[in-house]
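A quick write-up on the structure given underneath.
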Amino acid sequence: MSLTIKSHFASRTYLSFTTKPSRFTGYNTKIRPNSIYHFNPLRLTYYQPKKMQAPVQYSPAPLIKSSLIEPDGGALVDLVVPEGERGAKTIEAESLPKVRLTKIDVEWVHVISEGWANPLKGFMREDEYLQSLHFSSLRLKDGYVVNMSLPIVLAIDDETKERIGSSSHVGLVGPDGDLIAILRSIEIYKHNKEERIARTWGTTAPGLPYVEEVITPAGNWLIGGDLEVLKPIKYNDGLDHYRLSPKQLRKEFDRRNADAVFAFQLRNPVHNGHALLMNDTRRRLLEMGFKNPILLLHPLGGFTKADDVPLDVRMEQHSKVLEDGVLDPETTIVAIFPSPMHYAGPTEVQWHAKARINAGANFYIVGRDPAGMGHPTEKRDLYDPDHGKKVLSMAPGLEKLNILPFRVAAYDIVAKKMAFFYPSRAKDFLFISGTKMRTYARTGENPPDGFMCPGGWEVLVKYYESLQAEEATQQPAAVSS
């Protein structure tokens, strides 16, 4: 293993580990030194008794902890009311002015309550909102800066604002009418939608999925305050056992004696190109000296746009990937990340990375155009596909996270499998986009052998068949009306 030191962006220095350069051309993993971990992740600690009556030979027992990276701002917040206090808190919530939440608002309550947005303890008040919107970070009272690239806010309309009046606290009610939480010491301030959209997405073009679903129909006011969640958020969709909190994930990493955790964020089905990247990352971490790197395969579980594959289908497909041995279940944890999706490119990828810090991951895999999408009104990408990984390497508050940019994978028509792309053999590679993959599945056409494991592909084909059957039954009804 060779170690070279490179200086980037004036004040930052990175360690670049390279092994067998001919095999990893263009794939440069950058590890930041001078981490603020409490201990060196590569140095094992041994217990030694203070006093010994006679010399005793010990077999060193390494105390390996996967929690190599501290949550932002210190201890993880847990905003769920203890079970013994829930009755009294619920009675109090019933007496307060009410704010009705949308399904996506509830997803944000879930995110905040479990510490994904640590150290945030509720929906943002105005000072937090402005810092997030303009600086992509929050400065804590002790001067420590944490990344916070997406404003996490709750909108209300004029009628709700009037109903709240001078009350200092409000009850939050879910879409089904159940009391969800209390929001304490509230602050109400103006919701400038155009500024929020322009700064978050870099455009106000029509057709942005999250904007159309959430912001455009939202009220003209934002309400911030401290959350007290009356009970854990559950969806009762058969997938709650996958929704592991940051605290639960950290415990699982420790149980597996992980000495490195590398997170892979996705909102699409896993194909063999993804698997190649994940398996190659683990191999590279082993070459760096880690003994038991664990993969956090972490699909996004909140709001996604209409043409994305639904969460339940994706989770079934992911399980087939493990069943078929494409990924090793012993070194992989599959869990759901409860955040809604913004499709805000380099702005949003910072949020995705920051949340994984709070879950205990000290490595984050980033690829081409993370959290991006096509321009809603023009035939081009909305963001430069390389800007996401560049922004992550410079983002304030993410210095302690190791960013792992990955090489481009495509289908090698000669080897008949997914492989790393080599420009010198460009004619031998086929790029299968998400749109192309969905077209294959909809039409019943099989992708090239080696593109995806058979079990995973069958899940997608069945989903699109059911979708077509549903559309066929609805079409005659539309004609008759």
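The values are calculated or read from the model by the stated rules, or taken from the named source; none is laboratory data. If you're wondering where the values come from, they're calculated on a predicted model, not measured in any experiment. Here the Cβ positions follow ideal geometry from the backbone for every residue, glycine too, while neighbour counts run over all protein chains shown. Note: accessible area is taken over every heavy atom of the protein model, side chains too, but ligands, DNA and RNA are not part of it. Shrake-Rupley method; radii C 1.70, N 1.55, O 1.52, S 1.80 Å.
In table form, for the structure just shown:
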{"quantity": "Qualifying aspartates and glutamates (Cα of each under 18 Å from Cα of Lys379; at least 8 residues distant if same chain)", "calculated": "Asp307, Asp369"}
{"quantity": "Charge dipole of segment 83-229 about the Cα centre (unit charges at C-beta), most positive-ward option of Tyr210, Pro151, Val111", "calculated": "Pro151"}
{"quantity": "Residue pairs, from the table Lys103/Lys389; Lys354/Lys389; Lys354/Lys390; Lys141/Lys190, whose Cα atoms sit over 19 Å apart", "calculated": "Lys103/Lys389; Lys141/Lys190"}
{"quantity": "Accessible-area composition of segment 400-440, carbon plus sulfur, in percent [1.4 Å probe]", "calculated": "63"}
{"quantity": "Spin-label pair Asp158/Asn236, simplified geometry with 7 Å Cα→Cβ offset, distance in nm", "calculated": "3.7"}
{"quantity": "With every protein chain in place, segment 83-229: carbon and sulfur % of accessible area (1.4 Å)", "calculated": "47"}
{"quantity": "Point-charge dipole on Cβ atoms (K/R +1, D/E -1) for segment 240-409, about Cα centre, debye to 20", "calculated": "440"}
{"quantity": "Net charge over other residues, Cβ less than 13 angstrom from the Cβ of Val334 (K, R count +1; D, E count -1)", "calculated": "-2"}
{"quantity": "Sorted peptide list for 157-167, 196-206, criterion being average Cβ within 10 angstrom, highest first", "calculated": "196-206, 157-167"}
{"quantity": "Separation in nanometres of the label points that stand 7 Å from Cα toward Cβ, at Glu194 and Glu287", "calculated": "5.3"}
{"quantity": "Solvent-accessible area per residue for segment 240-409 (1.4 angstrom probe, square angstrom)", "calculated": "32"}
{"quantity": "Sparse-neighbour loop sites [GluC sites (Glu not before Pro); segment 382-480; at most 12 other C-beta within 10 Å; DSSP]", "calculated": "Glu445"}
{"quantity": "At most 11 other Cβ within 10 Å, DSSP loop - trypsin sites (Lys or Arg not before Pro), segment 331-393", "calculated": "Lys379, Arg380"}
{"quantity": "Viscosity 1.567 mPa s, 4 °C: Kirkwood-radius Stokes-Einstein D of segment 398-481 over Cα pairs, µm²/s", "calculated": "82"}
{"quantity": "For segment 202-250: rounded, prolate or oblate by the Cα gyration tensor [a/c cutoff 1.5]", "calculated": "prolate"}
{"quantity": "For segment 99-115, Karplus couplings with θ = phi - 60° (6.51, -1.76, 1.60), whole Hz, Gly/Pro x", "calculated": "10, 8, 9, 8, 4, 6, 4, 5, 4, 5, 4, 4, 4, 5, 5, 9, x"}
{"quantity": "Antiparallel %, DSSP beta bridges [both residues in segment 240-409], to 5", "calculated": "5"}
{"quantity": "Ratio Rg/Rh [Cα only; Rh per Kirkwood] for segment 85-177", "calculated": "1.00"}
{"quantity": "Contour minus Cα-Cα distance for Asn220 and Lys141 (0.36 nm per residue)", "calculated": "25.5 nm"}
